[in-house]
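The structure under discussion appears below in the form of structure tokens.
The values are calculated or read from the model by the stated rules, or taken from the named source; none is laboratory data. These figures come from a predicted structure and were not determined experimentally. With ideal geometry, Cβ positions are generated from the backbone for all residues, glycine too; neighbour counts draw on all protein chains shown. Accessible surface areas use protein heavy atoms only, side chains included; no ligands, DNA or RNA. Shrake-Rupley method; radii C 1.70, N 1.55, O 1.52, S 1.80 Å.
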Amino acid sequence: MTGRPPKGRTWGRRGITPTVRVPGRSRGRLSVAGLLCFKPGLPARLCYRLRRHTGRKDERRSLGESDYIHLLDGAHHLLKAPLIVVWDRLNTHISKTMQMLVAQREWLTVVLLPGYAPELNPVEGMWAHIKRSLANLAARPLSNLETLLRRRLKALQYRRALLDGFLAGTGLTLDRPD
């Protein structure tokens, strides 16, 4: 996420297009990784990591393998159970470094989604929900956007029915194949 707001619908007087002014280019961006955890018979859980990038030279502009593995380690520690992670084919998820890090954790199993299948990924529904709530927001400093995003994600953690709805929206179930 950057300081530029996602576009959303709004209303205005006839003949006058409403606009949101965003002053200059912001320096920096936010990267967020989310993990929806499902177990039959238990409410869904949301784990996430947020990282701020300041735009310095030689600084990575996105989350790296270590960020994702820290998220998985945190989820494992929180849930106290082995994890089966269903991932999209983001280049960081399928890199050699990530394969090595996954192989070092006996409690972790990774399954990859088909090539381009965002409709099968419940986390995509969650990001769409979050982005809709941020439409037309012009946060001046990046810290304001970071604070707002943390609050929205924290509130979402307690809306278990909504988290279950993201899985239901994919049409997938948690039943084991026979």
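A few comments on the model shown:
- Computed from point charges on the beta carbon alone (+1 for Lys and Arg, -1 for Asp and Glu), the dipole magnitude for the chain about its Cα centre is near 1360 Debye.
- J(HN,Hα) series, region 39-45, from Karplus relation 6.51 cos²θ - 1.76 cosθ + 1.60, nearest Hz, glycine and proline x: 9, x, x, 10, x, 5, 10
- Overall form of region 58-128 per C-alpha gyration tensor (a/c, 1.5; a/b vs b/c): rounded
- Of all aspartates and glutamates in the structure, the ones whose alpha carbon falls short of 19 Å from that of K96, not counting any fewer than 8 places away in one chain, are E65, D67, D73, D88, E106.
- For region 37-178: rounded, prolate or oblate by the Cα gyration tensor [a/c cutoff 1.5]: oblate
- Computed 3J(HN,Hα) for region 157-167, one whole-Hz value per residue from the Karplus formula 6.51 cos²θ - 1.76 cosθ + 1.60 where θ = phi - 60°, is 4, 9, 9, 4, 5, 5, 4, 5, x, 5, 5, glycine and proline marked x.
- For region 117-178 versus region 59-85, the gap between their alpha-carbon centres in whole angstrom: 17 Å
- When all protein chains stay in place and ligands, DNA and RNA are ignored, the 1.4 Å accessible-area order of D164, D175, largest first, is D175, D164.
- The fraction of accessible area contributed by carbon and sulfur in the chain is 52 percent, rounded to a whole number (1.4 Å probe; ligands and nucleic acids excluded).
- Listed by chain and number, the lysines whose alpha-carbon sits under 25 Å from that of K154, ignoring those within fewer than 8 places in the same chain, are K7, K39, K80, K131.
- Per residue, the chain exposes an accessible area of 69 Å² to a 1.4 Å probe, with every protein chain left in place.
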